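Inspection log for the structure reproduced underneath, given as structure tokens.
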Amino acid sequence: MAERKKLLLRLDPAVHDAVARWAGDDLRSVNAQIEFLLRRALADAGRTPREARPMRGPGRPRHDSDEGGDDPPR
């Protein structure tokens, strides 16, 4: 799997705060929210790269039930 690219991004503090609130509402990190918004903008412009992997959904990753973990059953 290819390593994810790292990027330094400078934002207006008010824009960062607004994105952070939106990310919190969607149960995403600020980084994941920015990637979500960029992907949506690419799709709207018809520029989604074919080789881009799908983005994981919001929230914490689900625990696979077939793995034997220490978590009690729900």
Could you tell me which of the residues R56, R62, R39 is loosely packed, with under 10 Cβ neighbours inside 10 Å, modelled with pLDDT of 65 or more and under 18 Å from the mean Cα position of the chain (by Cα)? R62
Residues satisfying the stated conditions in the range 34-60, i.e. of a type outside the set (K, R), farther than 21 Å from A2 by Cα and either without any contact (Cβ under 8 Å) to a residue 24 or more places away in the chain or assigned to a helix (DSSP H, G or I) (or both): L37, A41, A43, D44, A45, G46
Pairs, first free of Cβ contacts under 8 Å to residues at least 40 places away in the same chain and closer than 13 Å to L37 by Cβ in the range 1-20, second of a type outside the set (F, W, Y) and assigned to a loop (DSSP other than H, G, I, E, B), C-beta under 8 Å, six or more apart: V19/L11
Any residue at all in the range 8-30 that's surrounded by fewer than 10 Cβ atoms within 10 Å (Cβ to Cβ) and at pLDDT below 85? no
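The values are calculated or read from the model by the stated rules, or taken from the named source; none is laboratory data. Bear in mind the structure is a predicted one, so any value in this text is a computation, not a measurement. With ideal geometry, Cβ positions are generated from the backbone for all residues, glycine too; neighbour counts draw on all protein chains shown.
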